[in-house]
Structures are given as structure tokens and as C-alpha cells.
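The values are calculated or read from the model by the stated rules, or taken from the named source; none is laboratory data. The structure presented is a predicted model; accordingly, all values stated were derived computationally and were not measured. Ideal geometry is used to build each Cβ from the backbone, glycine not excepted, and the neighbour counts take in all protein chains shown. Heavy atoms of the whole protein, side chains included, go into the accessibility calculation; ligands, DNA and RNA do not. Shrake-Rupley method; radii C 1.70, N 1.55, O 1.52, S 1.80 Å.
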Amino acid sequence: MSLHQHYANHFKIGAAVNAYTVDSRAELLREHFNSVTCGNETKPASVTRDGETYDFAQGDKIRDFAAANDMAFRLHTLAWHNQTPPALYSGKSRTDAIAALDRHIARMAAQYPDAYAVDVVNEVISDAPNGDALRKTQLLEIIGVDYLDIAYTAARRHFPNAALVVNDYNECDAVKSRRIFELVRGMRERGVPVDAVGMQAHYNIFSPATDEIRCAFDLYASLGVKIQVTELDVSLFRHDDKSQLPQDESELARLLDHQAEYYAALFRVFKEYAGTLDSVTFWGVCDEDSWLNNFPAPRRRNMPLLFDARGAKPCYDAIMGV
Ligand code: XIL
């Protein structure tokens, strides 16, 4: 049985891919996943330089792969403070920036009308423990605090059927999860369409603890929205650790066993929330392709995913046992 079949009664199993891995990992994708998302190819900077002309070749390739293999397509992302071409909003008035945002969303919806979920604005919450909850971004500065209401309202108009997601990282942190909760609660009270909280789930084998994850699920579930796990990976390093993987084989094997236990505990929690949690997307397929081989330390090898180029890892077996 494959991974997505194993979890078929609980949630979709997705993977982020790029225009290369959609070919090189096609077999694993077809077997184990029933949702795909573009790791970069549908971000603003990947589809347009000037907000006028668009090139969707790479995103389309991935969307077509999904369609050809009966896989659902998750769209990432309409607006973000990173990977956005300056020409889209820089120097614009509030009115012009709102029009540009609407135009961009409309263009994305025309191209990807079948996306089942959309990360409308990505990573909107500040990490600074004191001060404003909202991250200071270009769109916030130009448009004002109602920019999220405007973006999600526009997204609903253009994507009438997709789940509109507020997607963020460190989403189990006590302060940040509260801020995400308050933001979504406020938007819903104002009648702004938000359908799901996206928990990026960039975790590591030490943190967050199962209890913290459960607390975050309880908090978001209490909003009455869906939850999606959008970018799951489990690093072998603590957040601030930039050291290398151990040379010693048995030491590395111990870390991978620890990772397997962590993944199993995680999926036990995910299963408890199935119903509210409707999709779990991994941020990649094989370790060799993971963004964590370049983040937070450039060219530092990491092994955060279920598979490597040789096949399934202990963590794959562990979650198949849940
Ligand atoms: C990452 C990609 O995986 C990298 O290839 C790129 O260089 C930077 O962005 N949160 C997100 C994703 O929402 O878009 C990021 O993806 C990872 C963190």
C-alpha cells in the first residue's frame, strides 16, 4: 500500500516539486502522493517580472503532471514579502497597489482555476515577540492594515471554490500561534473569507514537542476553519545549529531513528485531527532535493524527508505503521 492510500480516509498527502523533480521523482510522486504544489514556480517572481507579462511554463508543467495523474493541485502563493518582483507594487499608490494585487490574483486564477487550496498571502505574522502582530511588508505599508481583508476578498472573487489559506511558519510557537488565531478570528468576524490555517510544519527532530503541536491544532480548530499542513519537513538539526551531519554511520542512523519516531508521533497527532486537517504536504520528495540542503546553512546536507534517492527511509516505515 502506498502512503496516500494508507491515509486516504484521513487527509490528502502532498509534495512540493519543481520543474525538474516532477520528472526525476515522477514514480515516487505517482505512487505515494495525491496532491502537488509548486515549490517556487507559482510565486510572484517566478511568473512575472513586471506584473504585465506572465510566463507560466514551469507551473503549467507541474499542474499538467498533477492533472494527468489524478492528483490535486495546491497553489502557493499569491502574495509574499519574498520572491516578489519590485515592479509589481513598488512606488504605487494605495489604489494602484490594490488594483495590481487584484490583477495578479485574477491572472493566477485564470491560469490555475482548479487549485483546491490557495496560500493567498504567505507568512503575514511577525516573529518579533513585542510590537505589532503583522509583519511589516510592502503591501502593509502601501495599502494599510486592511490589505489582508482586501487580498482574501479578492481571492474569493477569483477562486470561488478553493480553500483560502493563511499560511505561516513557527505556527506552534505560543506567541505566534496566538497572533495567527487572533488574525483569523478577526477576519472571520469581519466576514472576510478565510477557510483554513496553513501550518508550514518546518520542524526538527527536537522541536516542537507533540504537546505544543496539539495545542496549536486545538487553537486553530477552535476557529471553525480547516487546517492544512503545507510544507512539512523534519530537519536533523536544531533550528540554530549550522553544523554538519555526523560522519559516523551509527550516529547518523541514530538520528534517522529519532526522526522516524518524531514522524510517527506527528502522524499520530495528525490522525487525531483528521476531519479538520484535510491535507498534509511535504516540502519535497527526496532528501537530495530539499531546500534544507541550502537553508539555514548553504550547502549543508540535511535529510528531512521520507525518501532519499535510494528509496524509503525509516521515517517512511514509521508513518506507514501509524
Ligand atoms: C523556499 C523554496 O523551497 C526554496 O527553493 C527557495 O529558495 C526559497 O523558498 N516558506 C515558504 C516557501 O512558504 O515558499 C519556502 O520555499 C520555504 C519557507
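Angle, helix 94-111 long axis vs. longest principal axis of the chain, Cα atoms, 0 to 90°, nearest 10?
Rounded to the nearest ten degrees, it is 50.
Can you say what percent of the DSSP beta bridges in the chain, counting only those with both residues inside, are antiparallel? Round to 5.
Expressed as a percentage, antiparallel bridges in the chain total about 10.
Assuming R0 = 30 Å, what is the FRET efficiency of Arg300 and Ala67, from their Cβ-Cβ distance, to the nearest 0.05?
0.25
In Å², and per residue, what accessible area does segment 187-269 have when probed at 1.4 Å with the other protein chains present? It would help to have the intermediate numbers written out before the result.
Working: 3820 Å² over 83 residues.
Each residue of segment 187-269 exposes 46 Å² on average to a 1.4 Å probe.
Can you pull the percent of the chain's accessible area that's carbon plus sulfur, 1.4 Å probe, other chains left in place?
The computed percentage sits at 48.
Compute the distribution of all C-alpha to C-alpha distances in the chain, in bins of 20 Å from 0, and list the percent of pairs in each, rounded to whole numbers.
With a bin width of 20 Å, the distribution comes to 33, 60, 7, 0.
Cα axis of helix 174-189 to longest principal axis of the chain: angle in degrees, 0 to 90, nearest 10?
Approximately 40 degrees, to the nearest ten.
Roughly how compact is segment 1-58, stated as its Cα Rg over 2.2 N^0.38 Å to two decimals?
1.41
Treating each Cα of segment 138-226 as an identical point scatterer and ignoring solvent, apply the Debye formula and state log10 I(q)/I(0) at q = 0.18 Å⁻¹.
The computed values of log10 I(q)/I(0) come out as -0.82.
Using the structure shown, select from Lys92/Lys226; Lys43/Lys136; Lys61/Lys226 the pairs with a Cα to Cα distance greater than 24 angstrom.
Correct reply: Lys92/Lys226; Lys61/Lys226.
Figure the gain on full extension for Cys215 and Asn9 (residue separation times 0.36 nm, minus the Cα-Cα span) and round it to one decimal in nm.
Values: separation 206, 0.36 × 206 = 74.16 nm, distance 2.34 nm.
Full-extension gain reported as 71.8 nm.
Using a basic spin-label model with each label point 7 Å from the Cα along Cα→Cβ, how many nm lie between Ala87 and Glu27?
Output for this residue pair reads 4.2 nm.
Can you work out the accessible area per residue across segment 60-171, with the rest of the protein chains kept in place, probe 1.4 Å, in square angstrom? Please list the in-between numbers first.
Values: 4610 Å² over 112 residues.
On a per-residue basis, 41 Å².
Report ³J(HN,Hα) in whole Hz for each residue of segment 31-44, in order, from the Karplus equation J = 6.51 cos²θ - 1.76 cosθ + 1.60 where θ = phi - 60°; Gly and Pro get x.
So the Karplus estimates, Gly and Pro as x, are 6, 10, 10, 10, 8, 10, 9, 8, x, 9, 5, 10, 6, x Hz.
Could you pull out every residue, at least 5 positions away or on a different chain, whose amide H is within less than 5 Å of the one on Asp308? Hs are placed 1.01 Å off N in the peptide plane, and Pro or chain starts have none.
Residues meeting the amide H criterion: Asp287, Lys313.
Just how far, in whole angstrom, is segment 138-182 from segment 29-85 if you go by their alpha carbon centroids?
When both Cα centres are located, 19 Å separates them.
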